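Here's the structure, in structure tokens; my notes come after.
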Amino acid sequence: MRASGYERNADDWYVEPAWAVDSLIEAERKFVGTVLDPCCGGGNIVTRLEMAGIRAFGGDIKPRWSRAVIHSFDGSLEGYRPDSVVSNPPYNLAREFIDCALKHTTDRVCVLLRLAFLEGMKRREWFGTVPLARVWVSSRRMSMPPGGSDVPPKGGAIAYAWFVFEHGHRGPAQIGFLPDVGMGTINTEGDLGLGE
């Protein structure tokens, strides 16, 4: 059993709440060109992006959504070379995923990860080599039930954030809080001091 209280999904497929994607869209404001979710699962992120008028498509390692291209995340990224990526990747592959996404995009890479992703000496060194521009912290705890199950969302126990890596970004990352969907306000609280 994971700290979230859900049984572990064999492929690390957990479904993010729609409001988390909507909040990222509001916080980031504008995406350039096409956006790929190479770990799209049931297509939630792609659907929310499209509803906001953003050109988006998805891929996944398994046939979980009828519109998804079936491919590994690195194969999708290399084959399609989108302008941006928005995804909830498997946590145990997050660093590899981000490095690959940065290699094959031109605008930004937004990944939904545990806030604890900021921790660790090896990651601290790695953060100095990548263009981490913003960390959008969710004030609300997210519930992410296993995908492909009938398990309903329940009270979230883990702090999550959207980590935004932007090509061309220099300097420390900003930390801010995800806006409440529909509220239209963003509260930036200063710098994290990450990235060089």
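Residues whose amide H comes within less than 5 Å of that of Ala56, counting only those at least five positions distant or on another chain, are Val35 (H built at 1.01 Å from N in the peptide plane).
The base-10 log of I(q)/I(0) for the stretch 62-106, evaluated at q = 0.20, 0.25, 0.33 Å⁻¹, reads -0.66, -0.98, -1.29 [Debye formula, identical scatterers on Cα atoms, solvent excluded]. Taking the square roots of five times each eigenvalue of the Cα gyration tensor of the stretch 12-69, the equivalent ellipsoid has semi-axes of 19, 13, 8 Å, listed largest first.
Tell me, what is the per residue accessible area of the stretch 79-151 in Å², probe radius 1.4 Å?
46
For Val15, the residues whose modelled amide H falls within less than 5 Å of its own, excluding neighbours fewer than 5 places apart on the same chain, are Gly147. Out of the total accessible area of the stretch 29-97 (probe 1.4 Å, heavy atoms of protein only), what percent is carbon and sulfur? Roughly 50 percent, rounded to a whole number.
Backbone geometry of the stretch 90-107 corresponds, through the Karplus equation with coefficients 6.51, -1.76 and 1.60 at θ = phi - 60°, to 3J(HN,Hα) couplings of x, 4, 6, 10, 4, 5, 4, 4, 4, 4, 5, 5, 5, 5, 10, 10, 10, 9 Hz, x marking Gly and Pro.
Taking all protein chains as shown and a probe of 1.4 angstrom, Thr47 keeps an accessible surface of around 50 Å².
Solvent-accessible area of Lys62, all protein chains in place: 90 Å² (probe radius 1.4 Å, heavy atoms, ligands and nucleic acids excluded).
The values are calculated or read from the model by the stated rules, or taken from the named source; none is laboratory data. It should be emphasised that the depicted structure is a prediction, and the values quoted were computed from it without experimental measurement. The area values use the complete protein model at the heavy-atom level, side chains included, leaving out ligands, DNA and RNA. Shrake-Rupley method; radii C 1.70, N 1.55, O 1.52, S 1.80 Å.
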